[in-house]
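Notes follow the structure.
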Amino acid sequence: MAGIKEIRTKIKSVQNTRKITKAMEMVAASKMRKAQERMRAGRPYANRVRDIAANLMQAHPDYSHPYMDERTNVRGVGVVVISTDKGLCGGLNTNIMRLVLARLKEFDKQGINVQVTALGSKGAGVLTRIGSNLVSQEVQLGDTPNLSRLIGAIKVQINDFVDGKIDAIYMATNRFVNTMKQDPVFIRLLPLPSGLEDPFQAIGEFAVPGKSVAKTTYGWDYIYEPDSKSVIDDLLMRYVEGLVYQAVAENMASEQSARMVAMKSASDNAKKVIGDLELVYNKTRQAAITKEISEIVGGAAAV
């Protein structure tokens, strides 16, 4: 009977685990819908700012903003790694960190110095363990992106780019495709491309396959207040902020989707384990009863 008691204890333990994973699945499903709505709501803003900034750059081709400074001799780069603060979301963090480590190895082979910024506890932990040059970090981001906190961490990299200490800035994040699929991507944040193509859709060595934004060939006539350069500077800064916000929003939507799928898989596996344990329990109980009956019958026959 000791075996039966142990099996009953295991069944109860797995049932309790299944209740937890089922509850986490429902919470992740609720947060996933909100994260997806937040992610989609940010896209029109970034697209509109990009269109206006692109038109202004066409109207003033003689003005070159520092964010557009394309440098041929790349000696140093900055990498912004966007990860989650919590686990239990499948291979989401593993996939993005595998991509980041591969890129860091490529930069090292080319003799390029790399400094990194971590947004999220999981990425910060990995980067610290491997001894990378971590210049800034921001953890415990919550369920809603806070632009002031994000820009505070990335401002270190942007200032170094403007000062010429690094020649490019890249972002590593998870791009939300659908509930079942999230792609780790490595995109260039700075310098901005000449046509201000969307880095999440542009074709390139470190970009996501897609279609580039078509460039317009006609002119634009604007009235500026206070002046054109100030407007362009402010718009490009807002555009970079929009890209960072969008990257974090995409990662948060990917996190909740991956967590919901992982918890559903865990709940289904727990249900299967419970079924297998119940089958073993019934067989063990039946064998014990049969043994007792045999002993009783044997004893009666002996008398």
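I'd like to verify a number: residues in segment 3-15 that are without any contact (Cβ under 8 Å) to a residue 24 or more places away in the chain and either of a type in the set (Lys, Arg) or open to solvent by 70 Å² or more (accessible area, probe 1.4 Å) (or both), how many?
Number satisfying all stated conditions: 4.
Conditions tested, residue by residue: (1) surrounded by 13 or more Cβ atoms within 10 Å (Cβ to Cβ); (2) without any contact (Cβ under 8 Å) to a residue 60 or more places away in the chain; (3) not in a helix (DSSP H, G or I).
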{"residue": "Arg18", "(1), (2), (3)": "yes, no, no"}
{"residue": "Val27", "(1), (2), (3)": "yes, yes, no"}
{"residue": "Ser30", "(1), (2), (3)": "no, yes, no"}
{"residue": "Glu37", "(1), (2), (3)": "no, yes, no"}
{"residue": "Pro44", "(1), (2), (3)": "no, yes, no"}
{"residue": "Leu56", "(1), (2), (3)": "yes, no, no"}
{"residue": "Ser64", "(1), (2), (3)": "no, yes, yes"}
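Rundown of residues vs (1) in contact with a Ser or Thr (Cβ under 6 Å, 6 or more places away or on another chain); (2) among the polar types (S, T, N, Q); (3) at pLDDT 70 or above; (4) under 30 Å from Arg175 (Cβ atoms), yes/no style:
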| position | (1), (2), (3), (4) |
| --- | --- |
| Pro193 | no, no, yes, yes |
| Asp221 | no, no, no, no |
| Gln286 | no, yes, yes, no |
| Ile296 | no, no, yes, no |
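Out of Leu150, Leu141, I need the residue that is assigned to a loop (DSSP other than H, G, I, E, B), open to solvent by less than 30 Å² (accessible area, probe 1.4 Å), under 12 Å from Ile82 (Cβ atoms) and in contact with a strand residue (DSSP E or B) (Cβ under 8 Å, 6 or more places away or on another chain). Which one? Being assigned to a loop (DSSP other than H, G, I, E, B), open to solvent by less than 30 Å² (accessible area, probe 1.4 Å), under 12 Å from Ile82 (Cβ atoms) and in contact with a strand residue (DSSP E or B) (Cβ under 8 Å, 6 or more places away or on another chain) holds for just one of Leu150, Leu141, which is Leu141. For segment 67-111, a residue qualifies if it is of a type in the set (A, V, I, L, M), in contact (Cβ under 8 Å) with a residue 24 or more places away in the chain and either touching a Leu at 6+ places or on another chain (Cβ under 9 Å) or open to solvent by 20 Å² or more (accessible area, probe 1.4 Å) (or both), and the qualifying residues are Met68, Val74, Val79, Val80, Val81, Ile82, Leu88, Met97, Leu99, Val100, Leu101, Leu104. I'd like the residue in segment 257-276 that is closer than 15 Å to Gly91 by Cβ and of a type in the set (S, T, N, Q) and, out of all such residues, is surrounded by the fewest Cβ atoms within 10 Å (Cβ to Cβ). Step by step, filter segment 257-276, then rank; the result is Ser265.
The values are calculated or read from the model by the stated rules, or taken from the named source; none is laboratory data. None of these values were measured; they are calculated from a predicted model. Cβ atoms come from the backbone with ideal geometry, glycine included; neighbour counts cover every protein chain shown. In case anyone asks, the SASA skips ligands and DNA or RNA and just uses the protein heavy atoms, side chains included. Shrake-Rupley method; radii C 1.70, N 1.55, O 1.52, S 1.80 Å.
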